[in-house]
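Scroll down for the structure; my scribbles are underneath it.
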Amino acid sequence: MPEPTTKILKFISVIVAFLAFVPISASAEDIGIGKDLFFQHCSGCHINGGNIIRRSKSLKLSALKRNGLDDPEAIAEIARVGVGSMNGYEKVLGVDGDKLVANWIWKQAQNAWHQG
């Protein structure tokens with residue numbers, strides 16, 4: 001039978017490992033900036049999370065996951081450098097703008113793009 005100290009250390013290591021992969025919540029201000037950036041630079045093609053050019057490349061959760069974009073970091077990279085026929089928006093999004101818009105997109109995708 002393992003010693004109580006060993007059990008506690010294993011439990012702590014599991015918690016630390018879990019927390020390393022949990023994204024830190026964005027502030028309300030950051031969410032607002034991400035939303036503004038999306039409406040200024042992305043919503044022309046991605047109305048309500050869709051895609052007017054290539055329907056299979058929408059920002060809906062199922063499409064994001066199907067296309068290997070299953071976290072905000074992957075979305076931020078696409079926003080920054082582009083992919084396929086979509087140009088990168090690093091210059092117009094500004095410093096950390098890619099991350100802010102990606103966090104907002106990820107939140108919307110998880111809420112099925114229901115505004116409320």
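The values are calculated or read from the model by the stated rules, or taken from the named source; none is laboratory data. In this text the structure is predicted, and so the values were computed from the model without any measurement. FYI the Cβ positions are ideal-geometry reconstructions off the backbone, even for glycines, and counts take in every protein chain you see. Remember, those area values only see protein heavy atoms, side chains included, never the ligands or the DNA or RNA. Shrake-Rupley method; radii C 1.70, N 1.55, O 1.52, S 1.80 Å.
Here are some notes:
- Criterion violated by residue 70 - all others in (1) more than 17 Å from residue 108 (Cα to Cα); (2) at pLDDT below 95 satisfied: (1)
- Subset of region 62-79 (residues that are more than 20 Å from residue 30 (Cα to Cα) and assigned to a helix (DSSP H, G or I)): 62, 63, 64, 65, 66
- Residue satisfying all of: in region 81-90; in contact with a Lys or Arg (Cβ under 9 Å, 6 or more places away or on another chain) and not small (Gly, Ala, Ser); most open to solvent (accessible area, probe 1.4 Å) among these: 90
- Filtered residues of region 80-110 (kept if over 19 Å from residue 29 (Cβ atoms) and either assigned to a loop (DSSP other than H, G, I, E, B) or aliphatic (A, V, I, L, M) (or both)): 81, 83, 84, 85, 86, 88, 89, 92, 109
- Scanning region 26-72 for residues that are acidic (Asp, Glu), surrounded by 13 or more Cβ atoms within 10 Å (Cβ to Cβ) and out of contact with any Leu (no Cβ under 8 Å at 6 or more places or on another chain) returns 36, 71.
- All positions within region 33-61 that are of a type in the set (A, V, I, L, M), closer than 15 Å to residue 107 by Cα and either part of a helix (DSSP H, G or I) or without any contact (Cβ under 8 Å) to a residue 40 or more places away in the chain (or both): 33, 37, 61
- Scanning region 65-82 for residues that are over 18 Å from residue 37 (Cβ atoms) and not polar (S, T, N, Q) yields 65, 66, 68, 70, 71.
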